[in-house]
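Data block below; observations after.
The values are calculated or read from the model by the stated rules, or taken from the named source; none is laboratory data. Keep in mind the model is a prediction, meaning the values are calculated, not measured. Cβ placement follows ideal geometry from the backbone for every residue including glycine, while neighbour counts extend to all protein chains displayed. Just the protein is used for accessible areas: all its heavy atoms, side chains included, with ligands, DNA and RNA removed. Shrake-Rupley method; radii C 1.70, N 1.55, O 1.52, S 1.80 Å.
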Amino acid sequence: MSATFLGMPGSPVFPPFPRAAHDAVRDTTLRGTLRHATHTIRAKRAAAVAEMPDWAALRAAGRQIKDHTLRHLDRYLVRVEEAVTAAGGTVHWAADADEANRIVASLVKATGEREVVKVKSMATQEIGLNEALEAEGIRAYETDLAELIVQLGHDRPSHILVPAIHRNRGEIRDIFRSEMGEWGRPAPEGLTDAPAELAEAARLHLREKFLRAKVGISGANFVVAETGTLVVVESEGNGRMCLTLPETLISVVGIEKIVPTWRDLEVFLQTLPRSSTAERMNPYTSMWTGTTDGDGPETFHLVLLDNGRTDTLADEVGRQALRCIRCSACLNVCPVYERAGGHAYGSVYPGPIGAILSPQLRGTTSEIDASLPYASSLCGACYEVCPVAIDIPEVLVHLRERVVEGGPVTRAGNKVLLKPAKGHAAERAAMRAARWALTRPGALRGGQRLASRTRRFHPRALPGPGRAWTGTRDLPPVPVEPFRDWWQRTHGGREAAK
């Protein structure tokens, strides 16, 4: 099995998060665009959620459904295969990105086609499917408006819900003018940056592709195990076109997307649209079960993708990341994402969820993955808005421990011993010293008193590696006396007298 891949076209090696974020925060245009977009989505989501008096109960139900499914995933995966097959579909199993890409490429080749239309899909971005198909002489056309912008701009997605959130209207106009003709119908003459004109240019460009395509490729937001039904929710109608017009439909779906029953699906059809687009209901909710004579695609293939998910499932703390329903609510409230943008995360999964999901799917041996658990202030805003109650701060701390201390992990289904990452020797020494002191009350008390008595000689900034921390923060002053001494002198003495 090859290493887990989370497709990011362009450079095969990405710098660690601090280095990438260092450059991103200096892009004032990017920061302004992100600030406006995330604050707008955040406010709309809060209003939509406030309409639901039972939101807390729905959130708890979503968490319980996901946890139950993950505990019994082996059973539900078999049930999905049986139901899809009984409905006329064919199920394929892909252990990793390479296998998934080979399966999809062979299925497209078998049709004799060299073009496919795609519904927006995180799973196909994760495995780098577009690039793999291109290597086989097959051209994939993205049909989601934001994904179209990213594709035409030879760019990378930077947001789960709005992949082109880092682009403003002027940039989009320029991309359409210069690139649309190379991919199909060119942009209209005199195209401006008016949203209506940009949307109309995209509609005209895509319509001919919808009518011509014989093969469609999708992901799925959910798979209902009891019937083998796949569900895609979207806002533009392009998904409906891709799912119904082609003769062959291929869906690549992560194994964590399963829900046991239709009753379970009802919970997520309430929480997902409110958490993502701040809508009460998605404009287009498409569901299909296998094939039906005379209606929709004649052939349906489901590719169930692992690509590191089973390894993640083996981690009792980290597995909660697999609850994620890709709503992007955590991105829109994260102060780090708002300033650094999505490209700094070096993965198709940016923001807080990416900071815990990517290092588990790929491992923490690379610089970028070892740095992602630190791409957070641990403020907890992401946990508060998560519709399935993923405790992202808890997982971040858990992964930081893994990076610094190493230890046993599961990779490619095997237990391996992870070595501590380089560059954390000082941190390990500091934590061990703290553990020694905190488990010895006498030593702790003596150290606190010494620190208080020498407080006038303490520096205002830390030397060496600590200089980066105190370069933007004030070093907290040491109090005149330790808390224990103060308590003994005040409250402790009074209580003893009683």
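Among the helices (runs of 4 or more DSSP H) confined to the stretch 310-395, the ones with at least 2 residues that are free of Cβ contacts under 8 Å to residues at least 60 places away in the same chain are located at 351-362, 381-385.
Report yes if some residue within the stretch 354-371 is within 22 Å of residue 42 (Cβ to Cβ), open to solvent by 30 Å² or more (accessible area, probe 1.4 Å) and at pLDDT 95 or above; otherwise report no. Explain how you work it out, then say what you get.
Of the stretch 354-371, the ones within 22 Å of residue 42 (Cβ to Cβ) are 354-357.
Remaining after also requiring open to solvent by 30 Å² or more (accessible area, probe 1.4 Å): none.
Scanning the stretch 354-371 turns up no residue that is within 22 Å of residue 42 (Cβ to Cβ), open to solvent by 30 Å² or more (accessible area, probe 1.4 Å) and at pLDDT 95 or above.
One residue alone among 158, 178 is over 19 Å from the mean Cα position of the chain (by Cα), of a type in the set (Ser, Thr, Tyr) and at negative phi, and that residue is 178.
Note on the stretch 261-270: among residues that are within 23 Å of the chain's Cα centre (by Cα) and not acidic (Asp, Glu), the one that is farthest from residue 74 (Cα to Cα) is 270. Pairs meeting the criteria (first residue in the stretch 209-228 and charged (D, E, K, R), second residue open to solvent by 10 Å² or more (accessible area, probe 1.4 Å), beta carbons under 6 Å, at least 6 apart or on different chains) are 209/141; 214/113; 214/247; 226/261.
Listed here are the residues, each with its yes/no results for (1) in contact with a helix residue (DSSP H, G or I) (Cβ under 6 Å, 6 or more places away or on another chain); (2) farther than 17 Å from residue 156 by Cα; (3) aliphatic (A, V, I, L, M).
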{"site": "176", "(1), (2), (3)": "yes, no, no"}
{"site": "182", "(1), (2), (3)": "no, yes, no"}
{"site": "186", "(1), (2), (3)": "yes, yes, no"}
{"site": "195", "(1), (2), (3)": "no, yes, no"}
{"site": "205", "(1), (2), (3)": "yes, yes, no"}
{"site": "208", "(1), (2), (3)": "no, yes, no"}
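Out of the residues in the stretch 207-223 meeting the condition of being open to solvent by 10 Å² or more (accessible area, probe 1.4 Å) and over 19 Å from the mean Cα position of the chain (by Cα), tell me which one is nearest to residue 169 (Cα to Cα). It comes out as 207. The sole residue among 421, 461 that is within 30 Å of residue 95 (Cα to Cα) and in contact with a Ser or Thr (Cβ under 9 Å, 6 or more places away or on another chain) is 421. Which of the residues belonging to the stretch 466-482 are closer than 30 Å to residue 442 by Cβ and open to solvent by 60 Å² or more (accessible area, probe 1.4 Å)? If the condition is that a residue be closer than 30 Å to residue 442 by Cβ and open to solvent by 60 Å² or more (accessible area, probe 1.4 Å), then 469, 476, 477, 479, 480 are the ones that fit.
Scanning the stretch 422-439 for residues that are open to solvent by 80 Å² or more (accessible area, probe 1.4 Å) and of a type in the set (Gly, Ala, Ser) turns up just one, 423.
Given 147, 113, which one is outside any helix (DSSP H, G or I), closer than 25 Å to residue 240 by Cβ and out of contact with any helix residue (DSSP H, G or I) (no Cβ under 8 Å at 6 or more places or on another chain)?
Working: 147 fails: outside any helix (DSSP H, G or I).
Within the list 147, 113, the selection yields 113.
Residue count for the stretch 233-254 satisfying the condition of being open to solvent by 10 Å² or more (accessible area, probe 1.4 Å), under 21 Å from the mean Cα position of the chain (by Cα) and among the hydrophobic types (A, V, I, L, M, F, W, C): 1. Would you confirm, using the coordinates I've provided, whether residue 143 is at pLDDT 95 or above, of a type in the set (Ser, Thr, Tyr) and within 22 Å of the chain's Cα centre (by Cα)? Yes, satisfied.
With respect to the conditions (1) hydrophobic (A, V, I, L, M, F, W, C); (2) open to solvent by 10 Å² or more (accessible area, probe 1.4 Å); (3) more than 14 Å from residue 315 (Cβ to Cβ), residue 397 lacks only one, and its number is (3).
Is it the case that residue 404 is in contact (Cβ under 8 Å) with a residue 12 or more places away in the chain, open to solvent by less than 50 Å² (accessible area, probe 1.4 Å) and on the phi < 0 side of the Ramachandran plot? Yes: the conditions hold for residue 404.
Of all the numbered requirements in (1) under 17 Å from residue 17 (Cβ atoms); (2) modelled with pLDDT under 95, residue 397 misses one, and that requirement is (2).
Yes/no per residue for (1) at pLDDT 95 or above; (2) open to solvent by 60 Å² or more (accessible area, probe 1.4 Å); (3) in contact with a Gly (Cβ under 8 Å, 6 or more places away or on another chain); (4) part of a helix (DSSP H, G or I):
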{"site": "267", "(1), (2), (3), (4)": "yes, no, yes, yes"}
{"site": "270", "(1), (2), (3), (4)": "yes, no, no, yes"}
{"site": "282", "(1), (2), (3), (4)": "no, no, no, no"}
{"site": "287", "(1), (2), (3), (4)": "yes, yes, no, no"}
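Looking for whichever is touching a strand residue (DSSP E or B) at 6+ places or on another chain (Cβ under 7 Å), open to solvent by 50 Å² or more (accessible area, probe 1.4 Å) and not in a helix (DSSP H, G or I) here; the options are 462, 417. Which one fits? Before you say what the answer is, go through the steps one by one.
Details: 462 fails: touching a strand residue (DSSP E or B) at 6+ places or on another chain (Cβ under 7 Å).
Exactly one residue qualifies, and that residue is 417.
Within the stretch 95-104, identify whether any single residue is under 23 Å from residue 413 (Cα atoms), touching a residue at least 24 places away in the same chain (Cβ under 8 Å), in a strand (DSSP E or B) and of a type in the set (A, V, I, L, M), and answer yes or no. Among the residues of the stretch 95-104, not one is under 23 Å from residue 413 (Cα atoms), touching a residue at least 24 places away in the same chain (Cβ under 8 Å), in a strand (DSSP E or B) and of a type in the set (A, V, I, L, M), which makes the answer no. Against the test of being open to solvent by less than 40 Å² (accessible area, probe 1.4 Å) and farther than 22 Å from residue 216 by Cα, the options 127, 165 yield a single qualifying residue, 165.
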